[in-house]
Structures are given as C-alpha cells and as structure tokens.
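Heads up, the thing below is written out as structure tokens.
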Amino acid sequence: MIIAVDGSAASGKGTLAKRLASHYDLAHLDTGALYRALGLALLRRGLGPDIVGEEEAAGHVPDLDLSLTESADIRTDEVAAMASVVAALPAVRQNFLSLQRDFASNPPHGRGAVLDGRDIGSVILPDAPFKFFIDADLEIRADRRTRELQGKGQSVMFRDVFEDMRIRDERDRGRSTAPLCAAADAVAIDTSSMDADAVFTMALSHIETGPGSK
Ligand code: DC
C-alpha cells in the first residue's frame, strides 16, 4: 500500500501521514525533513539562501547526514526558509528523487509506505493509489505553527511566522520545478476548521471506499 500526502506548511499533512502509517503499519517518510536537513547542513557551512549555488547545494545531497532529519534543529523558521530555497533548485530535487522512490518501492519496515511532502502525488509517485492534498487558510496555519514553536520553547511571534509562511508558500507554489499543487487525482481536504481526528477519519473513509481501494 502506498499513500501520498501533499500539502502546505502546517496544514496537518505530517500528522495525517503519521497516523495513516501507524494505522496501516506503513513506513513513513517526511520528505520535508530531507530538504530541511540539507538546508541546515548548508547553513552550518555558512551558506545562506542568497549565496548558495545550485550545483553546490545539489552536491551536498549524496553525502547528507540523514540523521539530521531526526534533529530538533531542523524545526526552526530559519531552516524552513532555507529548505524552501534549496527545494526550488531542480538539481537538488533530482538528487533526492531516487531516495524517495526507493523508500516507497522498498520500505524499510511495514507493509508499504506513506510519504508526505509537496510533490509526492504529482512527481515522485504519480501512480500512488491513494493521494491526499491538505491545505488550510494561511492565518490558521500560521497560528498553529506559532503555537507549535512556542510549545517547543522558541520565542516567536505570530506576525513573523505568518510573514515567513506567506513567503515560503509563494516560493513553494510558484517555483517552476515540482511546485506545490494538487495532483489531478488527489483528494483535497481543507483542514481550516477540522481537528486532526476529523482529518484522519475523512482520509480513512476515502481509502476504504474510494477508487484506490479496489
Ligand atoms: O513540509 P516542510 O515544511 O517540512 O518542508 C520544508 C520545505 O521543504 C518546504 O517549504 C518546501 C520543501 N519541500 C519540497 O519542496 N518538497 C517536498 N516534497 C517536501 C518539502
């Protein structure tokens, strides 16, 4: 079983992907964490969003320390912004492609895989039988992210998180390679007024009764 979950920042796609993985005993890959890990590795080398070149950024992918994907250090707004910048570079995306497809075709555990990101249903796994596209109003997403970061002890303010997210959304949706967009056959869920349980229940019902279940 393969499930693709795409969506905007703080839309609830990661939470949904984790819950689906646990429910169906699937391996889960948070592909945003790959771009964040690369962003953090480049920042630590003193390379900021304005000075990193495409080949240089892409050249770091093969040797990327994948344990960074588990690090709390990738969960900052600075790293998110850097991730979004490097994710717009076609050579970077190309170098992450096989890792993601290999994970789906040969999951490290479980009975299949769920991948969440921006282009899973559209580019990485266009034949996935189950695809979701998760989105919510920007203001609501920024509010969720502000509370999440504050809950982790980061001193952030709503208006800064809102502005960072607006810019990142624009970049993710507007880039020419694999922009954030719903695959034509994805089930779209607007989570603006839904909690995580309601989103999970809706996704489950699509999986159990939708065309991909046959
Ligand atoms: O899902 P996230 O917020 O952790 O993702 C961080 C950035 O990585 C996001 O702004 C865009 C990029 N990204 C991407 O371009 N493609 C993916 N499949 C996942 C993330």
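Read-outs: derived from the displayed coordinates by stated rules, not from any lab. Just so you know, these numbers come straight off a predicted model, no measurement behind them. Reconstructed Cβ throughout: ideal geometry from the backbone, glycine too, with neighbour counts over all protein chains shown.
Beta bridges from DSSP with both residues in the chain: antiparallel share about 5 percent, rounded to the nearest 5.
Ranked highest first by average number of other Cβ atoms within 10 Å, how do 144-150, 36-42 line up?
Going from most to least packed, we get 36-42, 144-150.
A cut-off of 5 Å between modelled amide H atoms, ignoring neighbours fewer than 5 places along the same chain, links residue 27 with 109, 111, 112, 113, 114. Per-residue ellipticity at 222 nm computed for the chain from its helices equals -15500 deg cm²/dmol, with DSSP H segments shorter than 4 residues left out and the rest contributing -39,500 (n - 2.57). Which of rounded, prolate or oblate describes the chain when judged by the alpha-carbon gyration tensor and an a/c cut-off of 1.5? Oblate shape, in that a/c is at least 1.5 and b/c is the bigger or equal ratio. Computed on segment 82-214, with alpha-carbon pairs under 8 angstrom and 6+ residues apart, the relative contact order is 31 percent. Per-residue 3J(HN,Hα) values for segment 118-135, derived from phi via the Karplus relation 6.51 cos²θ - 1.76 cosθ + 1.60 with θ = phi - 60°, read 10, 10, 5, x, 8, 10, 6, 10, x, 9, 4, x, 10, 9, 10, 10, 10, 8 Hz in sequence order (x marks Gly and Pro).
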